[in-house]
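Participant: Before we start, here is the structure in question, set down as structure tokens.
The values are calculated or read from the model by the stated rules, or taken from the named source; none is laboratory data. These figures come from a predicted structure and were not determined experimentally. Virtual Cβ from ideal backbone geometry, glycine too; neighbours counted across all protein chains shown. Keep in mind that these areas ignore ligands, DNA and RNA; they rest on the heavy atoms of the full protein, side chains included. Shrake-Rupley method; radii C 1.70, N 1.55, O 1.52, S 1.80 Å.
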Amino acid sequence: MNSTTRRMRSYLLPFCYLVAVLGFDTITPLGFADWLFNLMFFFVFFKRLDRTFLVVMGSVSSIFILIGLFWSPSGVPFLYVTINRFLGIMAVWVVGLWLLKYKHSQAAFTRTREAFVVSEQRLQTIFDTIAVGVLEFDSRDCLIAVNDYVCRILGYSRQELIGMPLDQLTAPEDRERTAAIRAELLEGRRYTAEYEKRYVRRDGSILWVHATVSPLHDARGAFTGVVGTIQDISIRKAAEERLAEATWLLGALSDATPEPLWVKDRESRLIFLNPATAKSIGKPVDELLGKNEFDWLADRQQAEIMIANDRRVMETGETMVVEEAMTGPQGVRQLLSTKSPLRTSTGKIIGIVGINRDITEKKRAEEELHRIKEELEVRVVERTQELEQTYEALHHEIEERLAALEELRTKERMLIQQSRLAAMGEMISNISHQWRQPLNILALIVQEMELTTMSGAATQGALSASVAKAMQIIAEMSRTIDDFRNFFSADKLLVSFTASEVIEKALSFMDSVFKQEQVRVEMSRDEDIPVKGLRNEYTQAILNILTNARDAFREREVVEPLILIRLFREEDRAVVTIRDNGGGIPEEIIDRIFEPYFTTKGPDRGTGIGLFMSKTIIEKNMGGRLTVRNSGAGAEFRVEIPFGIRNGNE
């Protein structure tokens, strides 16, 4: 039944009453007109239901009825007419007021119903959007209503959650406790319960929540289910776990810290201290909590200084590092105290936190160091005087050594010059050997030309051939002179050359001598090894070794003298070995042959500076190495030169 039908049924009773009452007056024309007017009035009033319209039309209708009181048909008793008119007026106003009241009640009902709908929509919106999970379980502990928050934190959809048992959502560890709380609610022992529990998300992970539950009852008081709220506290739980770990760690650190660590309130009373603090004071921790220095320190002056420092830190709000004295079980100790203000999260200073470091031994050490410093200053003065005297003596000694060094350098230059002169004499001897055969050939050519001319058999062709042959020999002799001249020119620049090139040049210088004395030379090489250095000095070193081998052959009259030369690469070095069969070097002098002026030859045959200069050239000037050893029937010299070497004097 809709609202319009209910309204029509409510209007029908007063309307019928009004028609019946006013119908008594239809026996006269005026009464009939009044009856029709009242019908029209109520039909219009039924549509408008307005208080002003009721007053106006009711007053008009009452006037018509009163006029009818004096205009009534004959034969009708006056009392009857009077009662009829009175009832008509009463009917108009009673029915009108009743309809007006009914209208107001209907308007109030409509407003209430609209407000209820709005309130229901608002509650549904709050239910769906509130940042707290709302759940309703029936008497079997199955979900019958949840909001979006519950779906979001548990990972289920609303359709999946509806009808799901509570045990399925509860972590196994909390099911027994949850069942006990539900039993208390069911039995009426508790009207509400707040507790923390674990829910199981859809992905199997655990969610900590704060739950608040209350029982539901119907109108007869029978238990119908449970309604509750849950709030995600997993972040808080994680923070609590971290806080518990941090608290445990702080306690462990403070207990393990060997230095006194403490916290005081604004009255300098201890509210925390580690065992090291209690040990330094000489009293148990329980006896020190809530007390300041005046309570446990015997020396009042020390206590006043400590508390004054505490107040200064709290007043300034800055960290302070001060030295304080404290009398404890071990006597008076010097402490280096670091004190910082203890603040709340809002920055308010509520105390101080500090750590004490025992620097008694350090202070004693500083005093001892100060005493030692004074002694050292005296010793330094004395030592300075001694050093000044020593400096003067050293200065004099250095001047003498520099003079000796300069003398040694002069002697070294003389040695080098002697070596060059000796080499020059050797080379002149070699030149004489080199030129002897060409000169003999030239002499024969000249004699041949003379005999041919005297016999008259000379021809232009024969003469030209003899001249060409003579010129060839002269050019060869000139080249020999150039080679010797270049050899004796001083090296100034580093040049690139191959080791085999230098060895062949040295052999060419000794060629005539070796041929005369029937010395056989065999050379083998793996490859042409390029080096960079002073070519002429390197050539001189090789010549000295070859000359030394020749002298050994002469001295010991070797029947078949042989020199084996091998050239090869070894890592980053070019290595040349020169081995002879001249009988070797006696072991007792092999370590001395590179010394200056050391020789086994007579004074007329050797100066003792050849091998010394060779070692100086190879090792000092070219950064290489020259060694010797006995091998087989003779001695073997080993010359090592690094690739790309530099002048050792640079």
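Participant: Could you compute the FRET efficiency for residue 249 and residue 526, with r as their C-beta to C-beta distance and R0 at 51 Å, rounded to 0.05?
Facilitator: Taking R0 as 51 Å, the efficiency between residue 249 and residue 526 is 0.10.
Participant: Could you give the length gained by full extension between residue 269 and residue 301, i.e. 0.36 nm per residue of separation minus their alpha carbon distance, to one decimal place? Provide the component values of the computation, followed by the final result.
Facilitator: Numbers: separation 32, 0.36 × 32 = 11.52 nm, distance 1.73 nm.
Extending this stretch completely gives an extra 9.8 nm.
Participant: Still on this structure, please answer the following. Give the separation of the Cα centroids, the range 164-218 to the range 319-390, in Å.
Facilitator: Their Cα centres are 63 Å away from one another.
Participant: In addition: Sort 500-506, 533-539 by packing, meaning the average of other beta carbons within 10 Å per residue, with the highest value first.
Facilitator: On the way: 500-506: 18.6, 533-539: 21.6.
Descending mean neighbour count gives 533-539, 500-506.
Participant: For the pairs 279/362; 291/362; 279/348; 339/373; 532/615, note any where the Cα-Cα span goes beyond 24 Å.
Facilitator: Going by Cα-Cα distance, 291/362; 279/348; 339/373 fall outside the 24 Å limit.
Participant: Length gain on complete extension for the stretch residue 203 to residue 406, per 0.36 nm per residue less the alpha carbon to alpha carbon distance?
Facilitator: 63.7 nm
Participant: Same structure again: If you count only protein heavy atoms and use a 1.4 Å probe, how large is the accessible surface of residue 249, to the nearest 10 Å²?
Facilitator: 90 Å²
Participant: Right, something else. Which of the aspartates and glutamates could a cross-linker bridge to residue 505, judged by Cα under 18 Å and excluding same-chain residues fewer than eight apart?
Facilitator: Cross-link targets: 426, 476, 482, 483, 491, 522, 527, 528, 537.
Participant: When only alpha-carbon atoms are used, what values of Rg and Dmax, in angstrom, describe the range 266-319?
Facilitator: Rg and Dmax of the range 266-319, Cα atoms, are 11.6, 32 Å.
Participant: Determine the equivalent ellipsoid of the range 353-410 by diagonalising the alpha-carbon gyration tensor, then write out the semi-axes as square roots of 5 times the eigenvalues, largest first, rounded to whole Å.
Facilitator: Values for the range 353-410, descending: 51, 16, 5 Å.
Participant: Would you mind getting me the FRET efficiency between residue 399 and residue 371? Use the beta-carbon distance for r and R0 = 41 Å, nearest 0.05.
Facilitator: Once the sixth-power term is evaluated, E becomes 0.45.
Participant: With every protein chain present, what accessible area does residue 210 have (1.4 Å probe, heavy atoms only), rounded to the nearest 10 Å²?
Facilitator: Around 60 Å² of this residue is reachable by solvent.
Participant: Can you pull the percent of the range 278-319's accessible area that's carbon plus sulfur, 1.4 Å probe, other chains left in place?
Facilitator: On the way: 1140 of 2580 Å².
In the range 278-319, the share of accessible area belonging to carbon and sulfur is 44 percent.
Participant: A further question follows. Determine the gain in length on full extension of the stretch residue 334-residue 390; use 0.36 nm per residue of separation and subtract their C-alpha separation, reporting nm with one decimal. Can you show the working numbers first?
Facilitator: Details: separation 56, 0.36 × 56 = 20.16 nm, distance 4.58 nm.
Going from the current span to full extension adds 15.6 nm.
Participant: Just to be sure I understand the model, the point goes 7 Å from the Cα along the line to the Cβ. What's the resulting residue 159 to residue 592 distance in nm?
Facilitator: Placing both labels 7 Å beyond Cα along the Cβ direction yields 11.4 nm.
Participant: Could you give the semi-axes, largest first, of the ellipsoid that matches the range 124-216, computed as the square roots of 5 times the alpha carbon gyration tensor eigenvalues and rounded to whole Å?
Facilitator: 20, 16, 12
Participant: How high is the FRET efficiency from residue 148 to residue 239, r the C-beta distance, R0 25 Å, rounded to 0.05?
Facilitator: Numbers: r = 26 Å, r/R0 = 1.02.
So, using R0 = 25 Å, E works out to roughly 0.45.
Participant: Also, I was wondering about something else. Among the aspartates and glutamates, which fall within straight-line cross-link reach of residue 237, defined as a Cα-Cα distance under 13 Å, with same-chain neighbours fewer than 8 residues apart omitted?
Facilitator: Correct list for residue 237: 196, 245.
Participant: About its Cα centre, what dipole magnitude does the range 284-421 give when the only charges are +1 on Lys and Arg Cβ and -1 on Asp and Glu Cβ, stated in debye to the nearest 20?
Facilitator: Numbers: 21 positive and 29 negative charges, 147 e Å.
So the dipole magnitude of the range 284-421 works out to roughly 700 debye.
Participant: Give the ranking of 289, 567 by solvent-accessible surface, highest area first, calculated with a 1.4 Å probe.
Facilitator: Ranked list, largest accessible area first: 289, 567.
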